[in-house]
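Some notes on the structure that comes next.
The values are calculated or read from the model by the stated rules, or taken from the named source; none is laboratory data. Small disclaimer: the values here were computed from a predicted structure and weren't measured. Glycine gets a Cβ as well: all are built from the backbone with ideal geometry, and neighbour counts include every protein chain shown. Surface areas here come from the heavy atoms of the whole protein model, side chains and all, with no ligands, DNA or RNA. Shrake-Rupley method; radii C 1.70, N 1.55, O 1.52, S 1.80 Å.
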Amino acid sequence: MMESDIDPNNPEYSNNIPMEMEQPEVSVRARINSRESQSAFNVSGAIEYILEIQSITEQPFSLQGLNINRGRCGFYTGDFYSKIPVQMNYSSSVSYLLKYLGNQVLEAEMITDQGNVNPSF
């Protein structure tokens, strides 16, 4: 082995250490909608608040959890397809029925397989 083979100043030198690939950023749109309650158990005219999340990221990701108001606001899945964990692709959306009034939601944190995301409303 020649000395120039291990010289870091040699342009052909390579340490072959793999670089960590940067994870793509997860981007979503979120909004809170209200509607008249669809439940037969609720009083007529009662209002439900639904959190809708839509992916605007090209790379698929898995939504693994949701913290609303730092875990103080509970939620129900809006439909079978929203059951956590859920795979999100570009333009796919999920809905969750909030246990809080919509105007009481201060912050939300989405836990994904690619890091946490804080959508704004």
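What to note about this one:
- Segment 84-95 - residue that is outside any strand (DSSP E or B) and farther than 12 Å from LEU66 by Cβ and, of those, most open to solvent (accessible area, probe 1.4 Å): TYR90
- Check on GLN64, of a type outside the set (Ser, Thr, Tyr), open to solvent by less than 70 Å² (accessible area, probe 1.4 Å) and under 12 Å from the mean Cα position of the chain (by Cα): no
- Subset of segment 34-59 [at pLDDT 85 or above and either in contact with a Pro (Cβ under 6 Å, 6 or more places away or on another chain) or open to solvent by less than 50 Å² (accessible area, probe 1.4 Å) (or both)]: GLU48, ILE50, LEU51, ILE53, SER55, THR57, GLN59
- So VAL105, is it in contact with a Cys (Cβ under 8 Å, 6 or more places away or on another chain) and open to solvent by less than 70 Å² (accessible area, probe 1.4 Å): yes
- Of all residues in segment 62-121, those satisfying the criterion of being within 23 Å of GLU48 (Cα to Cα) and in contact (Cβ under 8 Å) with a residue 60 or more places away in the chain are LEU98, GLY102, VAL105, ALA108, MET110, PRO119, SER120, PHE121.
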